[in-house]
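Everything below concerns the one structure shown next.
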Amino acid sequence: MAATSGSVRLQSCMVSPAGRHSASLIFLHGSGDSGQGLRMWIEQVLNQDLTFQHIKVIYPTAPPRPYTPLKGGFSNVWFDRFQISNDCPEHLESIDVMCQVLTDLIDGEVKCGIKKNRILVGGFSMGGCMAMHLAYRNHQDVAGVFALSSFLNKTSAVYQALQKSDGVLPELFQCHGTADELVLHSWGEETNSVLKSLGVRTKFHSFPGVYHELSKAELEKLKSWILTKLPD
């Protein structure tokens, strides 16, 4: 399956629901990974696929692009960053291009008969950041957002968009390992408290001793939350 926007084609791998398809989950991988890679990683951690009776799980792959933290080397990343830090400007041009590409993916689900309020978006690390931009700046009518080991920059366009918003915002499910040395736990906490101050209903779940990785406890908690947002 591929979503297109202009010249960008998104390859995706999918896990079909066991029963009738009535909701969809878009799960975005971290930098340098792929949709298939994320699906296999989750399968390793849970000892099984992330599957549901009624929810289709979609794992798109970011197209390769030059990535500044890799000195301009090509990588499967959703957008570019000037550096991996919460204290620098966002590379908004590349974020906005990918918001449009991922909007095509959401629109594809809607064309298949799935309502926007039956679609969840989220991701790990950079994927979680991308999901927050996608939902809070472009699709405030999705069912919810999840961000695992993710953060927003201090001057994020997401915060600016929410300052102008007066509607009901999608709930955020956020998790972070306390031992994360790549994306600091404090960056995740700060992101969560700013979003909360801007009207987002959210809980922040800390996982002691967890590095920049997925944990079984976190994925089990995520699965329960998904079922509260997308009941059968």
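Starting from region 81-177, pick out the trypsin sites (Lys or Arg not before Pro) whose DSSP state is loop and whose Cβ has at most 16 other Cβ atoms within 10 Å. Here the trypsin sites (Lys or Arg not before Pro) that fit, given the DSSP loop and packing criteria, are Lys115, Lys154, Lys164.
Please work out the FRET efficiency for the pair Arg9 and Met40, using the Cβ-Cβ distance as r and a Förster radius of 25 Å; give the result to the nearest 0.05. All intermediate terms of the calculation are to be shown ahead of the outcome.
Numbers: r = 22 Å, r/R0 = 0.87.
So, using R0 = 25 Å, E works out to roughly 0.70.
On a 32 Å Cα-Cα criterion, which of the cross-link pairs Lys116/Lys196; Lys71/Lys116; Lys196/Lys216; Lys71/Lys164 come out too long? As for pairs spanning more than 32 Å Cα to Cα, those are Lys71/Lys116; Lys71/Lys164.
Among the GluC sites (Glu not before Pro) within region 137-207, which fall in a DSSP loop and have no more than 15 other Cβ atoms within 10 Å of their own Cβ? The partial results should precede the final answer.
Working: sites: Glu171, Glu181, Glu189, Glu190; in loops: Glu181.
Loop-located and lightly packed - Glu181.
Extension gain, Ile84-Asp107: 0.36 nm per intervening residue step, less the Cα-Cα distance, totals 5.2 nm. Spin-label pair Gln140-Thr228: with each label point 7 Å from Cα along the Cα-Cβ axis, the two points sit 2.3 nm from one another. If the label point is 7 Å along Cα→Cβ of Thr68, which residues in region 148-162 have backbone nitrogen under 15 Å from it? Counting only backbone N, you get 153-157.
Among residues other than Arg137 whose Cβ falls under 12 Å from its Cβ, what is the net charge (Lys/Arg +1, Asp/Glu -1)?
Details: positive: Lys164; negative: Glu90, Asp96.
Around Arg137, the charge tally is -1.
In summary, the lysines within cross-link reach of Lys223, defined as a Cα separation below 18 angstrom excluding same-chain residues under 8 places away, comprise Lys56, Lys203. Peptides 208-218, 125-135, 31-41 ranked from most to least packed by the mean count of surrounding Cβ atoms within 10 Å: 125-135, 31-41, 208-218.
How high is the relative contact order of the chain, in percent, counting Cα pairs under 8 Å that sit 6 or more residues apart? Mind dumping the intermediate values first?
Numbers: 501 pairs, mean separation 40.9, N = 232.
Computed over the chain, the figure is 18 percent.
[x] -0.41, -0.78, -1.39; [y] -0.32, -0.71, -1.52; [z] -0.52, -0.92, -1.32: which one is log10 I(q)/I(0) by the Debye sum over Cα atoms at q = 0.09, 0.13, 0.18 Å⁻¹ as calculated from this entry? The listed entry that was calculated here is [y].
Go ahead and collect, in residue order, the members of region 139-156 whose backbone nitrogen is under 18 Å from a label point 7 Å along the Cα-Cβ direction of Glu189. The answer is 148-154.
Computed from the coordinates by the stated procedures, all read-outs in this text should not be read as laboratory data. Since the model is a prediction, treat every value here as computed from it, not as a measurement. When we count neighbours, we look across all protein chains shown, and the Cβ atoms used for this are built from the backbone with ideal geometry, even at glycine.
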